[in-house]
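Shown next, in structure tokens, is the structure this report addresses.
The values are calculated or read from the model by the stated rules, or taken from the named source; none is laboratory data. Computed from a predicted structure; not experimentally measured. Here the Cβ positions follow ideal geometry from the backbone for every residue, glycine too, while neighbour counts run over all protein chains shown. Ligands, DNA and RNA are excluded from the accessible area calculation, which covers all protein heavy atoms including side chains. Shrake-Rupley method; radii C 1.70, N 1.55, O 1.52, S 1.80 Å.
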Amino acid sequence: MLHVIETSPEVRRFHPAWWVAAVAFVALLGAAAFRSVPGVLMNPLHHEFGWPHGTISLAVSLNLLLYGLTAPFAAALMARFGIRVVTVCALLLVATGSGLTVFMTASWQLVLCWGLLVGLGTGSMALAFVSTVVDRWFVARRGLVSGVLTAASATGQLVFLPLVAHLAGAYGWRSASLLVTAAALAIVPLVWLLLRDRPADVGVLAYGASEPLPEPRTGNAAAAALTALRDAAHTPAFWLLAAAFAICGASTNGLVNTHFVPAAHDHGMPQTTAAGLLAVIGVFDVAGTVLSGWLTDRFNPRILLAVYYTLRGASLFVLPQLFAPTPGAQMVLFVVFYGLDWIATVPPTMALCREHFGPRASVVFGWVFASHQIGAAAIASIAGVVRDQFGDYAAAWYGAGLLCLLATAFSLSVRKARPVPHAEPGKEPAATGR
């Protein structure tokens with residue numbers, strides 16, 4: 001369906017919000033693809049340098065951690081300097097970090113390049129970026145657009161993982177790193193030319209809005225991010241959402257995205273086949289996340305989260321029995337099912353942040369997303385140690401399944417918020433979650 005706005009009785013045109021969303025989709029696609037590459041490179045790095053899985057997982061953990069901790073500060077920086085400037089700088093960081101890895105000879109250099117630089121870059125284009133774009137450019141269709149933009153991370157996985165696995169196997173892991181560098185640089189001119197910061201920049205209101213939207217005050221970005229955290233931390237809703245989202249990160253980016261390929265390889269499955277299965281998860285995540293956004297516009301987001309986490313936990317209990325040299329029908333069924341549920345949690349979590357924290361929801365969601373990546377970073381390292389100590393990943397899969405059931409309880413415990421008042425000029429409303 002085409003979305004248009006009236007500019008005069010004679011003139012009709014696409015609302016600029018949809019062009020902004022399209023460019024944001026491309027940037028998010030790239031960021032997710034860049035961040036997911038280390039999981040495919042884990043075995044090639046282990047074989048070439050002899051580094052233990054736990055050591056390589058440390059770089060992945062730092063990448064995941066910064067992917068989350070950067071988000072609230074990036075959201076505040078976007079409020080201060082604009083979406084376009086922050087996104088371009090982030091892409092340049094990714095290109096630098098990935099490109100420098102081809103010269104590394106020691107594990108600390110992997111931590112510096114792929115952990116620090118790529119982590120900071122991709123973290124600046126994480127889900128807080130989605131929240132910023134959606135909250136600034138849309139009033140109608142917020143759930144749907146949140147789902148579509150979130151699905152970009154799955155699409156990035158779909159496009160990059162099989163290609164990276166092929167390049168790493170045929171030409172070595174350095175060719176894959178250089179591909180990431182080239183892709184990041186290719187997105188820079190697109191973002192600079194087409195991404196706009198606010199509807200007022202092109203003389204329109206946000207899509208579906210009847211008046212200009214209130215905005216949080218700008219100023220010192222670090223102070224704004226920390227103030228939002230301080231105020232949100234006084235509400236039980238923030239801690240429940242953060243705890244549930246930490247488990248979301250642990251069970252997706254931290255465990256499956258990082259360790260599924262090496263775990264499948266442990267059972268005799270070729271690396272390219274395992275990467276292909278992970279990419280199929282990405283295919284179905286596109287459908288699952290877009291559907292979740294549509295459902296979030298219509299149903300209680302607390303119930304949706306509870307359903308998603310329960311189904312995810314149940315599937316993780318089954319996974320250890322499905323690994324084999326050749327993927328069978330049950331493994332394919334798991335991949336489809338897990339894909340539909342992969343990050344379907346994002347649109348309802350964003351909706352609850354918006355409900356409880358109003359105009360500062362993007363920055364607060366950045367902190368909730370930081371907890372997502374703290375959980376991901378923790379389980380990425382823990383699972384690597386489990387593999388080194390016990391020779392397989394079984395305990396990690398079962399533990400993550402139990403955590404998902406705990407996230408179900410957290411989600412159901414989030415109460416309905418009091419109405420959030422509009423911000424007065426120069427002021428921000430207090431957090432009202434309960």
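Among the residues of the stretch 31-56, count how many are more than 18 Å from residue 174 (Cα to Cα) and assigned to a helix (DSSP H, G or I). Before you say what the answer is, go through the steps one by one.
Initial filter on the stretch 31-56 (more than 18 Å from residue 174 (Cα to Cα)): 31-32, 52-55.
Subset that is assigned to a helix (DSSP H, G or I): 31-32, 53-55.
Of the residues in that region, 5 qualify.
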Response to the item:
Selection over the stretch 255-271 where residues are closer than 12 Å to residue 393 by Cα and not in a helix (DSSP H, G or I) yields a count of 1
Practice prompt. Hey, can you tell me all the residues within the stretch 29-62 that are crowded, with 24+ Cβ neighbours inside 10 Å and without any contact (Cβ under 8 Å) to a residue 60 or more places away in the chain?
Written response: 59
Worksheet item: Do you know which residues across the stretch 355-392 are under 21 Å from residue 301 (Cα atoms) and in contact with an Asp or Glu (Cβ under 7 Å, 6 or more places away or on another chain)?
Response: 359, 360, 361, 362
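Rundown of residues vs (1) surrounded by 19 or more Cβ atoms within 10 Å (Cβ to Cβ); (2) touching a strand residue (DSSP E or B) at 6+ places or on another chain (Cβ under 8 Å); (3) in a helix (DSSP H, G or I), yes/no style:
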position: 332; (1), (2), (3): no, no, yes
position: 336; (1), (2), (3): no, no, yes
position: 343; (1), (2), (3): yes, no, no
position: 349; (1), (2), (3): yes, no, yes
position: 360; (1), (2), (3): yes, no, yes
position: 367; (1), (2), (3): yes, no, yes
position: 382; (1), (2), (3): yes, no, yes
Worksheet entry | Residue list for the stretch 305-330, filter: within 26 Å of residue 138 (Cβ to Cβ), open to solvent by 20 Å² or more (accessible area, probe 1.4 Å) and touching a helix residue (DSSP H, G or I) at 6+ places or on another chain (Cβ under 6 Å) | 308
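Mind listing just one residue for me: the one in the stretch 384-401 that is in a helix (DSSP H, G or I) and among the small types (Gly, Ala, Ser) and, of those, most open to solvent (accessible area, probe 1.4 Å)? Spell out how you get there, then give the answer.
Of all residues in the stretch 384-401, those in a helix (DSSP H, G or I) come to 384-390, 394-401.
Among the residues that remain, those that are also among the small types (Gly, Ala, Ser) are: 384, 394-396, 399-401.
Working: 384: 0, 394: 30, 395: 62, 396: 9, 399: 31, 400: 4, 401: 0 Å².
Among those residues, the one meeting the criterion is 395.
Please specify each residue of the stretch 243-281 satisfying the condition of being under 30 Å from residue 80 (Cβ atoms), open to solvent by 10 Å² or more (accessible area, probe 1.4 Å) and modelled with pLDDT of 85 or more. Write out each step before concluding.
Here is the first cut: in the stretch 243-281, the ones under 30 Å from residue 80 (Cβ atoms) are 243-246, 248-249, 253.
Next, only the ones that are open to solvent by 10 Å² or more (accessible area, probe 1.4 Å) stay: 243, 246, 253.
If the condition is that a residue be under 30 Å from residue 80 (Cβ atoms), open to solvent by 10 Å² or more (accessible area, probe 1.4 Å) and modelled with pLDDT of 85 or more, then 243, 246 are the ones that fit.
The rows are residues; the columns are (1) part of a helix (DSSP H, G or I); (2) surrounded by fewer than 20 Cβ atoms within 10 Å (Cβ to Cβ); (3) in contact with a Ser or Thr (Cβ under 6 Å, 6 or more places away or on another chain); (4) of a type in the set (Gly, Ala, Ser).
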position: 170; (1), (2), (3), (4): yes, yes, no, yes
position: 178; (1), (2), (3), (4): yes, yes, no, no
position: 182; (1), (2), (3), (4): yes, yes, no, yes
position: 187; (1), (2), (3), (4): yes, no, no, no
position: 196; (1), (2), (3), (4): no, yes, no, no
position: 200; (1), (2), (3), (4): yes, yes, no, yes
position: 211; (1), (2), (3), (4): no, yes, no, no
Discussion item. For the list (1) open to solvent by less than 50 Å² (accessible area, probe 1.4 Å); (2) more than 18 Å from residue 375 (Cα to Cα), I need the number of the one condition that residue 300 fails.
Written reply: (1)
Worksheet item: Can you tell me which residue in the stretch 131-166 is farthest from residue 93 (Cα to Cα), limited to those that are surrounded by fewer than 20 Cβ atoms within 10 Å (Cβ to Cβ) and of a type in the set (A, V, I, L, M)?
Response: 140
